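Report on the structure given below.
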Amino acid sequence: MKTLTRIAHGAALGLACLVATAHAATPVADRIWSGGPILTMNDAAMRAEAIAEKGGRIVAVGPLAEVMKTRGRKTQVIDLGGRTLLPGFVDSHGHVVGGGLQAMAANLLAPPDGTVRDIASLQQVLREWIAANPAVIREAGGVIGFGYDNAQLAEQRHPTRDELDAVSRELPIMVVHQSGHFSALNSRALQIVGFDAQSKDPAGGVIRRRQGTTEPDGVLEENAHNAAAGRLLGGLGAEGMKALARAGVELWARYGYTTAQEGRTSTQVSQLLRALAAEGGLKIDVAAYPDVLVDREFIRLNASRTYVNRFRVAGAKLTIDGSPQGFTAWRDRPYYRPAGDYPPGYAGYASATNAQVIEVVDWAFANGVQIITHANGEAASDLLVAAIGAATAKHGPADRRPVLIHGQFLREDQVAAYQRLDVFPSLFPMHTFYWGDWHRDRTVGPVLAENISPTGWLAARGMRFGTHHDAPVAFPDSMRVLDATVTRRSRSGDIIGPAQRVDVLTALKAMTIWPAHQHFEEASKGSLEVGKLADFAILSQDPTAVDPETLDRIRVTETVKEGNTIFRLDAPAQRVAQLTYRPDARGHNAIERMLVAGRGTRPSSGCRRSRNVRCCASRRPATARTPTRPVRRATSTASPPRPCRRRNGDVIVAAAR
């Protein structure tokens, strides 16, 4: 009898231990969300009823009954009220510090994001902004405006120094093109930066001149613009730059981004971001890619896949060419019908030499540094394919994840080459909205415009890809990114390339799990799975359940970073969002591109646009197509332009092959 009693007692203790162990194995959540659609971006279980978080990590996701098993006495249960929860958006490419310049810039965007339709309205916005912002002018020492677009101005050209002088001759004025590759300065600003009739064009840039003279007309291209920006904005100081970075982070969070990219930065700005992170100043993760042609050693010593206080140097940025809508992207054929004073056969130009591109990609492969490369035109992609092919042949295959940034004008054979070389494409389908009509009518023509940002080609091949906003080139508006990727509808209502449209879930993956993979962060971000960070974007509606033509009307109502709400669309925030998306004439919430002071300039291939330049003309007829092949030698299949040489101040070119 005693033996039976001991056995029963032992069994009871064992059962109690099992129950205790089972109870201990079930975590007690800090928060549980339910009451609305949950899109996980996990193909194995795309939808869930509830999700639980503890200590910033997901501890349960799935059916409500199962997730509620993690509820404890202190668990906060949050009712979504019909809103839709999905992973926080991962910025596939943007410039978060540049985005912060909105706080001290006039908004020169065209509708629907601003009010500038012609040069007269641009002048009026600047006058009203000057009158409304005396404190900013005192602090900055001048006026800066962002977002004008010659493609959207009635005159279809850039403003000149004379037209900006009509606003003010005393204050220096710099207005920056929406692409971030051009600017226009008034006479006072030109005087400050030191550009006059004796100034030579910097390598990789152009100082445009008044007709028939060498006197600057105020418009600056590429590295001329970069140099002027650095000189004019160099006085902001460390605290001013930190304020810009904080403002950029706030803006990204407003649109559901929990990871931001600083997609081309300098050593100084990287160090500033690290200092800001150490102060607790980053609400979201920031991955920085310093310019590889400026400070390679800093990148090599600092590149890491681990965030410290939500900041890391993630790799290196290389820029091969310029702006497609501004006719500085490097093409494999002449532009269709460029607006401006361009020579016959003009095809854009490179902002880095062939040798630089090939050598830098080789360096990145040799040092295990992820490299992301801005290449818009077909010739730029040909050179990038050649460089990556040569580096792969030399160093062998590995999980390096080189990234193509933009790829606005791609041929289908180049898409195949990028797939073969394991290049991750980060495309910019918002071009279909902002500049789709311009590409159709001016840059590439109606046939090739169908294939700008060719997400359909990528999807058909089963390739992962990212979609981005390139803010502050465009707003970091996640729903407009989604809308453009799905509908490809332009400002005029035209559909630019219906065959390149993708479905909503594919478009959402390109903003979540796939750019997480791009950044080597798919183990912790991009989908809602146990163990990953509790980074969420909560939307007003389910994007998969609405008319695709209304996707841009969905709003981010809340952003959650590691379980904590960092943005909520309450009444004050709603007002700020309204002002930001459709600013008033004073431009208080302008957002557009500016490269930060200290970015510097760098040499180019020597090909720059002027009335005497023919070195960047296409090397083959527009109808010819040479398939891109695996490259074993460090040469470009695009037959890039030969270096220009000068004679009596005019640019001439060695004969084409």
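By the gyration tensor of its Cα atoms, with a ≥ b ≥ c the square roots of the eigenvalues, what is the shape of the stretch 391-481: rounded for a/c under 1.5, prolate for a/b over b/c, or oblate?
Judged from the Cα gyration tensor, the stretch 391-481 comes out prolate (a/c at least 1.5, a/b above b/c).
Computed FRET efficiency, Cβ-Cβ of Glu549 and Arg117, R0 30 Å: what is it to the nearest 0.05?
E between Glu549 and Arg117, to the nearest 0.05, is 0.75.
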Seminar exercise, completed: So Asp570 and Ala523, fully extended at 0.36 nm per residue minus their Cα-Cα distance, gain in nm 13.7 nm
For this session: Please work out the Cα center distance from the stretch 521-546 to the stretch 115-157, rounded to the nearest Å.
Result: 38 Å
Problem set entry | Rel. contact order, % - alpha carbon contacts under 8 angstrom, at least six apart, the stretch 486-578 | 18 percent
Exercise. Which length gain, in nm to one decimal place, applies between Leu301 and Thr214 when the Cα-Cα distance is subtracted from 0.36 nm times their residue separation?
Worked result: 26.9 nm
Exercise. Based only on Cα atoms, what Rg/Rh ratio does the stretch 197-286 have, Rh being taken as Kirkwood's radius?
Worked result: 1.14
Exercise. Based on the mean of other beta carbon atoms within 10 Å per residue, what is the order of 172-184, 144-156, most packed first?
Worked result: 172-184, 144-156
Exercise. Which order, highest average first, do 74-87, 515-528, 218-231 follow once you tally other Cβ atoms within 10 Å for each residue and take the mean per peptide?
Worked result: 218-231, 515-528, 74-87
For this session: May I ask for the net charge around Arg117, where only other residues with Cβ less than 11 Å from the Cβ of Arg117 are counted and Lys, Arg are +1 while Asp, Glu are -1?
Result: -3
Problem set entry | Loop-located trypsin sites (Lys or Arg not before Pro) in the stretch 86-140, at most 15 other Cβ atoms within 10 Å (DSSP) | Arg117
Exercise. What number, in percent, do you get for the relative contact order of the stretch 168-225 if the mean sequence gap of Cα pairs under 8 Å and at least 6 apart is divided by its residue count?
Worked result: 33 percent
Exercise. In whole Å, what are the Cα extents of the stretch 97-172 along the three principal axes, biggest one first?
Worked result: 33, 28, 19
Seminar exercise, completed: Checking rank on 494-500, 427-433, with mean other Cβ inside 10 Å and highest first, the result is 427-433, 494-500
For this session: Could you list, in their original order, any pairs among Lys69/Lys525; Lys54/Lys317; Lys394/Lys509; Lys69/Lys509; Lys242/Lys509 whose Cα atoms are separated by more than 27 Å?
Result: Lys54/Lys317; Lys394/Lys509; Lys69/Lys509; Lys242/Lys509
Problem set entry | Fraction of antiparallel bridges per DSSP, the stretch 62-208 only, in percent to nearest 5 | 30 percent
Seminar exercise, completed: 1/(1 + (r/R0)^6) with r = Cβ-Cβ of Ala393 and Asp43, R0 = 35 Å, i.e. FRET efficiency to nearest 0.05, evaluates to 0.55
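FYI, it's all coordinate maths here, none of it is from the lab. Computed from a predicted structure; not experimentally measured. Cβ coordinates were reconstructed from backbone atoms using ideal geometry, including for glycine residues, and neighbour counts include every protein chain displayed.
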